[in-house]
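Enquirer: My questions all concern the structure below.
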Amino acid sequence: MLSVNAFSLSLGDKTLIKDLSFEIADGQILSIMGPSGIGKSSLLHFLSGSLSPNLTTTGEAFLNDEALHTKATQDRKVGLLQQMPLLFPHMSIIENLLFAIPADINKAERITMAQHALEKLGIPDKANALPKELSGGQQARVALLRTLLSKPDYLLLDEPFSELDPALRRDVRAFVLNEIRQANIPALLVTHDPEDAKAMEGECLELGIVK
Amino acid sequence: MPLKHAKWITGIITLLLIFPIAIGLVGTLLPAFQYFPPLGEYHISLAPWRNLFSQGEFYASLKLTLITGIGAPLLALWLALSLLAWGYQRPFFRKVEAALSPILAIPHAAMAIGLLFLLSPSGWLVRLFSPWLTGFDRPPNWITVQDPYGVSLILALVIKEMPYLLFVMLATMKSIKARESLQVGQALGYSRFTLWRKVLIPQLYPIIRLPIFIVVAFSLTVVDLALVIGPNTPSTLAVTLLRWFNDPDLSMRLMASAGAISLMLVIVVVLAGWELAHLLFSKLTRAERSNGKRFGLTDSLLRLGVVLGLLALLNAFVALALLPIWSLARRWRFPDALPSQWTWDNIDRATPLLIELTSNTLTIALITTLMACTISLVMLETKRHDMARSTDISKPHLFDWLIYVPILLPQIGFLFGLHVLLIYLNLNGDLCAIIALHLMYVLPYVYLTLKGPYLAYEEEYLLQANRLNHQPWRNYVLVKIAMLKPAIFTAFAIGFSVSIAQYLPTLIAGEGRYSTLTTEAVAQAASGDRKQVGSMAMLQAFFPIMVFWLAQFIPPHWTRWRLVLKNLFSRRNKSCSV
């Protein structure tokens, strides 16, 4: 369970978010909506530990009652998925997946895990293809599986569907929802598309302008 | 790069950059005022200056330096602008961009030797028209190269600098939206050349000011090129100073140092004058730009520049082609256009020497360039670090200023000042010293080539990699460096060619104990043994071109090849286990 307690965000003397609190259970996806520039992405950066220095925040975040906000990024075990799939262009698909699988698993097991992921994606023949040879929808799915293979404790999604064709979006959303439920970790989705929020079948918070 | 203590590293690198510059300057300045402990001179005096000003040769050399040092950049700029204006919208011009980099890679000494073979009285140009047109059966008694006015030196400088300026200009075209401006202007009925003159060149100039300054400073101070193809007695100031510095009478060094200081002042004055002239010129032409005339007389100036520019390029290619021909010639009597007998003997005979020169050259170039690449990466990483923290992104970084100093200062004088330090450190004549001096000139070019792509890198890839598995150093190499491969390879090729071309740093730090292809080719250029000089110059040009070609060819194929190799091996492993 991921919980955020009394989170506030300000840029200079301008308050963007005030006293935001929520909880996300394992396998659930909370959607956060709001106009751009409201500080949605900054909330994700707060949770992943990569906030830019000119923003000031207060508040706490806990994962299963363990404080997150005091930990360094590398100790947080966070998965982040952004608009761009960020697949490494100079590595094949299977290398991209293997990159994420923890190194303490033995080699044969790692390869089986990566191949299993490829089968789940329906592209077992593309193991040695390069990312640019895949369609946008396929790249988005590979990116999600790559993130999940790194065994994160919680997942942050920063408008991961907005670059996709509308026709593809439905499939990818369903895929994401299904995978997160199977991984059974809390996930936070930031979006400005109400369809995204609806498809995630979870709670939805709408942020407004602080007066 | 997961650097810790970025501030400290910035400080240390800054000191390392400033230290040799300061030593070199002080080491020139003090002897210029008679203070030179190695010769037992401990008193400040103006005697070196009085000696300098009483030398007639100083004034004659200074005049030649001013003629060649201002003439060549002006011509190069004119021809480069003309060629760009003429070709930019033509489809074939994109290929020109790719073809330019090998020309840039060729060491200028090799180019000068090629020109010598082409233009001298017994050169290929006269042979081509003899005897059927000129009636000569022996070389005429003309002075064509090494002429007393420095015309051949200007030509050699233009051939070297024009492609560089063209290359720099092509790289900036996108940022001034040239294509769009041309479309708008042509729709208004302006001729192509007028548009360039009135709209694009005024925008282009401020962006390429620094490369132009580098070209001016180079033209005013070049030594090796002037030794090969420049005028003799008097020669240009830089060459005269080199002779004074090397004079067996060590007290000449004091006067030479004063001369080196005046050469620095000449650079400052010429650059200031250049800027002033530009300011005046743009003031005067400001009204003319918006007078609505769609054509102009000056269009023909650009048109003439195109013809001359193409001629200069043709000259360069023919000159290069002559290098291998000479090295393979057995009998080549005047006025035959080609050798009557061919042979490998020249190369065979020179092989032991060539192998030694080549191994020296490559050792120095490879070590220097690898070091320059590593240092540049560290410098750029600390710069990126600073930029990510500061709110004012446009603020120029300290490195960006310091890095230009060695290439703007004249090598002559400055390097002799450093040589005194090398003697104190007991490093004179050592390979380390040669590499250190090369590094001073290679590092700026590598840094400047890497800067753009490195800072434009999408850092999110690396951040994502670090979230997926936290091994920052491994990820830096496997993700960021691997993705920047094309830029790093190009920077390596440029650094490599800069190192190969170095003449004075090798000579001064090596004290003649280490000869490279460049120092030997320049030393023997005047000897008249064209067959041997041709072989050296050919090798000197061959390696940089080869490395440039590899740097462009390898990166796009790297990943494919790597995957093919990997699958080959994994398949073999599988078949073994079955």
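Enquirer: Any idea of A:ASP165's accessible area? Nearest 10 Å², probe 1.4 Å.
Expert: Approximately 100 Å² for this residue.
Enquirer: With unit charges on the beta carbons (Lys and Arg positive, Asp and Glu negative) and the dipole taken about the Cα centre of the protein assembly as shown, which residue among B:SER527, A:MET200, B:GLY135 sits farthest to the positive side?
Expert: In the protein assembly as shown, that residue is B:GLY135.
Enquirer: Could you please state how large a percent of the accessible area of chain B is carbon and sulfur, counting protein chains only and using a 1.4 Å probe?
Expert: After summing per-atom areas, the C and S share lands at 68 percent.
Enquirer: Quote to one decimal, in nm, the extra length available between A:THR56 and A:GLN182 on full extension: 0.36 nm per residue of separation minus the C-alpha distance between them.
Expert: 41.8 nm
Enquirer: Multiply the residue separation of B:THR14 and B:VAL477 by 0.36 nm, subtract the distance between their alpha-carbon atoms, and state the gained length in nm to one decimal.
Expert: Working it through step by step, the gained length comes to 164.2 nm.
Enquirer: Just from its helices, what would the mean residue ellipticity at 222 nm be for chain A, if runs of 4 or more DSSP H residues each count -39500 (n - 2.57) and the sum is divided by every residue, rounded to the nearest 500 deg cm²/dmol?
Expert: Rounded to the nearest 500, the figure is -10000 deg cm²/dmol.
Enquirer: At a probe radius of 1.4 Å, what is the per-residue accessible area of B:LEU301, in Å² to the nearest 10?
Expert: In the full protein context, B:LEU301 sits at about 100 Å².
Enquirer: While we're looking at this one, here's another question. State the antiparallel share, in %, of DSSP beta bridges confined to the protein assembly as shown, rounding to the nearest 5.
Expert: So the antiparallel bridges amount to about 55 percent of the total.
Enquirer: Compute the longest continuous run of chain B that contains no exposed GluC sites (Glu not before Pro); treat a site as exposed when its DSSP state is not H, G, I, E or B and it has at most 16 other Cβ atoms within 10 Å.
Expert: B:1-457
Enquirer: While we're on this one: In debye to the nearest 20, how big a dipole does the protein assembly as shown give about its Cα centre with +1 on each Lys and Arg Cβ and -1 on each Asp and Glu Cβ?
Expert: With only Lys, Arg, Asp and Glu charged at Cβ, the dipole is about 1720 debye.
Enquirer: Considering chain A as a Gaussian network with a 10 Å cut-off on Cα pairs, which listed residue, A:LYS198, A:LYS107, A:LYS40, attains the greatest mean-square fluctuation?
Expert: Among A:LYS198, A:LYS107, A:LYS40, the largest GNM mean-square fluctuation belongs to A:LYS107.
Enquirer: Apply the Karplus parameterisation 6.51 cos²θ - 1.76 cosθ + 1.60, with θ equal to phi minus 60°, to every residue of segment A:145-161 and state each ³J(HN,Hα) to the nearest whole Hz, in sequence, with x for glycine and proline.
Expert: Residue by residue, segment A:145-161 yields 5, 4, 5, 5, 5, 7, 6, x, 7, 8, 10, 10, 10, 9, 6, x, 9 Hz.
Enquirer: With n ≥ 4 as the cut-off for DSSP H runs, can you work out [θ] at 222 nm for chain B, using -39500 (n - 2.57) per run divided by the number of residues, rounded to the nearest 500?
Expert: It lands at -24500 deg cm²/dmol.
Enquirer: Using only the heavy atoms of the protein chains and a 1.4 Å probe, how would A:PHE62, A:PHE88 rank by accessible area, largest first?
Expert: A:PHE62, A:PHE88
Enquirer: For a 25 Å ceiling on Cα separation, which of these pairs sit above it: B:LYS95/B:LYS283; B:LYS4/B:LYS383; A:LYS77/A:LYS132?
Expert: B:LYS95/B:LYS283; A:LYS77/A:LYS132
Enquirer: Taking amide hydrogens as modeled 1.01 Å from N in the peptide plane, which residues meet the under 5 Å criterion relative to B:ARG330, leaving out close sequence neighbours?
Expert: B:GLN341, B:TRP342, B:THR343
Enquirer: Shifting gears a bit: Compute the relative contact order of segment B:68-315 as a whole-number percentage, counting only Cα pairs closer than 8 Å that sit 6 or more residues apart in sequence.
Expert: In percent, rounded to a whole number, it is 32.
Enquirer: Can you work out the PRE-style zone for B:PHE317? Point 7 Å along Cα to Cβ, and I want the residues of segment B:59-91 with backbone N under 18 Å.
Expert: Zone members listed by number: B:80, B:83-84, B:86-88, B:90-91.
Enquirer: Suppose each label sits 7 Å from its Cα in the direction of the beta carbon; what would the B:LEU265-A:GLU195 distance come out to in nanometres?
Expert: 7.6 nm
Enquirer: Can I ask one more? Are there trypsin sites (Lys or Arg not before Pro) in segment B:265-374 that DSSP marks as loop and that have at most 15 other Cβ atoms within 10 Å, and which are they?
Expert: B:LYS293, B:ARG294, B:ARG333
Enquirer: With a 1.4 Å probe and all protein chains in place, put A:LEU97, B:LEU421 in order of accessible area, largest first.
Expert: Heavy-atom accessible area, descending, gives B:LEU421, A:LEU97.
Enquirer: Any idea of B:HIS108's accessible area? Nearest 10 Å², probe 1.4 Å.
Expert: Solvent-accessible area, nearest 10 Å²: 30 Å².
Enquirer: Positive end of the charge dipole of chain B (Lys, Arg +1 and Asp, Glu -1 on Cβ, about the Cα centre): tell me which of B:LEU354, B:SER61, B:VAL26 has its Cα farthest that way.
Expert: B:LEU354
Enquirer: Would you work out if segment B:221-324 is rounded, prolate or oblate? Take a ≥ b ≥ c from the square roots of the eigenvalues of the alpha-carbon gyration tensor; rounded if a/c is under 1.5, else prolate when a/b is larger than b/c, oblate otherwise.
Expert: Note, shape of segment B:221-324 comes out oblate.
Enquirer: Let me ask you something else. Give me the aspartates and glutamates in straight-line cross-link reach of A:LYS71: C-alpha distance below 20 Å, same-chain residues under 8 apart excluded.
Expert: A:GLU23, A:GLU60, A:ASP153
Enquirer: Hey, another quick one. Once R0 is set to 41 Å, what does the formula 1/(1 + (r/R0)^6) return for the Cβ-Cβ distance between B:PHE92 and B:SER290, expressed as a FRET efficiency to the nearest 0.05?
Expert: 0.80
Enquirer: Hey, which of these cross-link pairs are over 23 Å Cα-Cα: A:LYS107/B:LYS485; B:LYS174/B:LYS451; B:LYS174/B:LYS198; A:LYS126/B:LYS566; B:LYS451/B:LYS485?
Expert: A:LYS107/B:LYS485
Enquirer: Report the charge-dipole magnitude of chain B in Debye, nearest 20, computed about the Cα centre from +1 at each Lys and Arg Cβ and -1 at each Asp and Glu Cβ.
Expert: With only Lys, Arg, Asp and Glu charged at Cβ, the dipole is about 2260 debye.
Enquirer: What are the ³J(HN,Hα) couplings of segment B:318-324, residue after residue, when phi is run through the Karplus curve with 6.51, -1.76, 1.60 and θ = phi - 60°? Round to Hz, x for glycine and proline.
Expert: 5, 4, 5, 5, 6, 4, x
Enquirer: Rank B:ILE9, B:ILE44 by accessible area, highest first, at a 1.4 Å probe radius?
Expert: B:ILE44, B:ILE9
Enquirer: Going by a ≥ b ≥ c, the root eigenvalues of the Cα gyration tensor, does segment B:68-315 fall in the rounded group (a/c under 1.5), the prolate group (a/b larger than b/c) or the oblate group?
Expert: Oblate shape, in that a/c is at least 1.5 and b/c is the bigger or equal ratio.
Enquirer: Does chain B come out rounded, prolate or oblate by the C-alpha gyration tensor, with a ≥ b ≥ c the root eigenvalues, rounded set by a/c under 1.5 and, if not, prolate when a/b is larger than b/c and oblate if not?
Expert: Judged from the Cα gyration tensor, chain B comes out rounded (a/c under 1.5).
Enquirer: Considering Cα pairs under 8 angstrom that are at least six residues apart, work out the relative contact order of chain B and quote it in whole percent.
Expert: 24 percent.
Enquirer: I've got another one for you. Which ³J(HN,Hα) values in Hz, rounded to whole numbers, follow from the phi angles of segment B:165-172 under the Karplus curve 6.51 cos²θ - 1.76 cosθ + 1.60, where θ = phi - 60° and Gly and Pro get x?
Expert: 5, 4, 4, 5, 5, 4, 5, 9
Enquirer: Determine the shielding of peptide A:84-95 by partner chains: average, over its residues, the number of Cβ atoms on other chains within 10 angstrom of each Cβ.
Expert: Taking the mean over all residues of the peptide, I get 5.
Enquirer: If each residue of separation counts as 0.36 nm, what is the full-extension length gain between B:ALA22 and B:LEU133 once their alpha-carbon separation is subtracted?
Expert: The B:ALA22-B:LEU133 span can extend by a further 34.2 nm.
Enquirer: Still on this structure, please answer the following. Post the alpha-carbon centroid distance, segment A:29-67 to segment B:193-247, in whole angstrom.
Expert: 56 Å
The values are calculated or read from the model by the stated rules, or taken from the named source; none is laboratory data. Since the model is a prediction, treat every value here as computed from it, not as a measurement. Because the Cβ atoms are built from the backbone with ideal geometry, glycine has one as well, and the counts that use them run over all protein chains shown. Ligands, DNA and RNA are excluded from the accessible area calculation, which covers all protein heavy atoms including side chains. Shrake-Rupley method; radii C 1.70, N 1.55, O 1.52, S 1.80 Å.
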